[in-house]
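The values are calculated or read from the model by the stated rules, or taken from the named source; none is laboratory data. Keep in mind the model is a prediction, meaning the values are calculated, not measured. Glycine gets a Cβ as well: all are built from the backbone with ideal geometry, and neighbour counts include every protein chain shown.
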Amino acid sequence: MRRLPWILILATLAIVIGLFVGRDPEHAARLSEMYRNVTLTGDTREMVIMLLALGVGAFIVYLTMTRR
């Protein structure tokens, strides 16, 4: 079975649930606090960005080396 319909269904479901939870002020406040607690700051953010850049670069090198 094709994956595209399942991906669209799951994305739509996630959006609808997010809108439903965002309407209740108590849930919205807890969700906002959770997002603030999870946010990467300072040196951690720089390290994550550096690792992502290194991973993307390594993947590009892998693709160029294996596509001969």
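For region 37-49, give me the residue count where each residue is part of a helix (DSSP H, G or I), surrounded by fewer than 10 Cβ atoms within 10 Å (Cβ to Cβ) and either modelled with pLDDT under 80 or within 15 Å of the chain's Cα centre (by Cα) (or both). Explain how you work it out, then say what you get.
Step one: filter region 37-49 for residues part of a helix (DSSP H, G or I), giving 37-38, 43-49.
Restricting the remaining residues to those that are surrounded by fewer than 10 Cβ atoms within 10 Å (Cβ to Cβ) gives 37-38, 43.
Right, trim to either modelled with pLDDT under 80 or within 15 Å of the chain's Cα centre (by Cα) (or both) and you get 38.
Qualifying residue count for the region: 1.
Report yes if Asp24 is surrounded by 10 or more Cβ atoms within 10 Å (Cβ to Cβ), over 19 Å from the mean Cα position of the chain (by Cα) and charged (D, E, K, R), otherwise no.
So Asp24 passes the test.
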